[in-house]
Amino acid sequence: MEFGLKGRKVAILATDGVEQVELEEPRRALDAAGAITHLIAPKDGSIQAMNHDDKGARLPVDFALADVRPSDYDALLLPGGVANPDRLRTEPLAVQFAREFMLAERPVAAICHGAWLLVEAGAVAGRTLTSWPSLQTDIRNAGGEWVDEPVHVDAQLVTSRKPDDLPVFCETIVREFANRIDEGRVDELSEQSFPASDPPPGPSAIGGGGAHVER
């Protein structure tokens, strides 16, 4: 079995108004690490990216939201841009897509305004995260703790503030996505080897008193 990001599927959820660099740079980093990335949007066709206040490229959509399930993917990337998450948080399918990733404890990364969707999904309570500074009140009101850091990791959630933080954000999501996905695969292998109805053999069954393992 391959470990790391090779062949693993990452959903990139975005719509019109996405900050182009916040989508393309992390996507390139994930692709270079061997991941399979899909741009998912509320509608098929293409979405209009932005370079701050100016129109950027139109980016082709791989799949419409209605045609995919969170369980099809190993990780989720939420790029920013002001209009992008503001539109997504009014789309029930987009909100549910993000919520299911968080509930399943799969890796999720959000940069800049991307965390707005997590606020709408009710997924920041009890978590510490960073974002574009204007989101800090929304995050705190939703029960989260906001920090002013280039990148912050809280369990499976990676967040970052702005385009200037992209180098460390990209490096972190490649590492954290790989680590979290690997942990999940190890757990799956363990469950397959020792299902709940067939617990692992005890020390006497394997010829010894066993050893204490620090966890």
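The values are calculated or read from the model by the stated rules, or taken from the named source; none is laboratory data. Please read all numbers here as calculations on a predicted model, not as lab measurements. Cβ: placed from backbone, ideal geometry, glycine included. Neighbour counts: every protein chain shown. Please note that ligands, DNA and RNA were not included when accessible areas were found on the heavy atoms of the full protein model with its side chains. Shrake-Rupley method; radii C 1.70, N 1.55, O 1.52, S 1.80 Å.
A few remarks follow.
- Residue among G34, G4, G17 that alone is farther than 21 Å from L103 by Cβ, modelled with pLDDT under 95 and touching a Gly at 6+ places or on another chain (Cβ under 9 Å): G4
- In the range 65-109, residue nearest to K9 (Cα to Cα) [restricted to those that are buried (at least 24 other Cβ atoms within 10 Å of the Cβ), over 13 Å from the mean Cα position of the chain (by Cα) and among the aliphatic types (A, V, I, L, M)]: A94
- Of all the residues in the range 5-28, those that are small (G, A, S), in contact (Cβ under 8 Å) with a residue 60 or more places away in the chain and not in a strand (DSSP E or B) number 2.
- Strands (runs of 3 or more DSSP E) contained entirely in the range 75-165, each with at least 1 residues that are closer than 20 Å to Q20 by Cβ and touching a residue at least 24 places away in the same chain (Cβ under 8 Å): 75-78, 108-111, 157-160
- Candidate set: the range 29-69, residues that are of a type in the set (A, V, I, L, M) and assigned to a helix (DSSP H, G or I); chosen: the one farthest from C170 (Cα to Cα): A66
- Yes/no for V151 being open to solvent by 10 Å² or more (accessible area, probe 1.4 Å) and at pLDDT 95 or above: yes
- Residue identified as open to solvent by 30 Å² or more (accessible area, probe 1.4 Å), within 16 Å of the chain's Cα centre (by Cα) and aliphatic (A, V, I, L, M) among I12, I40, I36: I36
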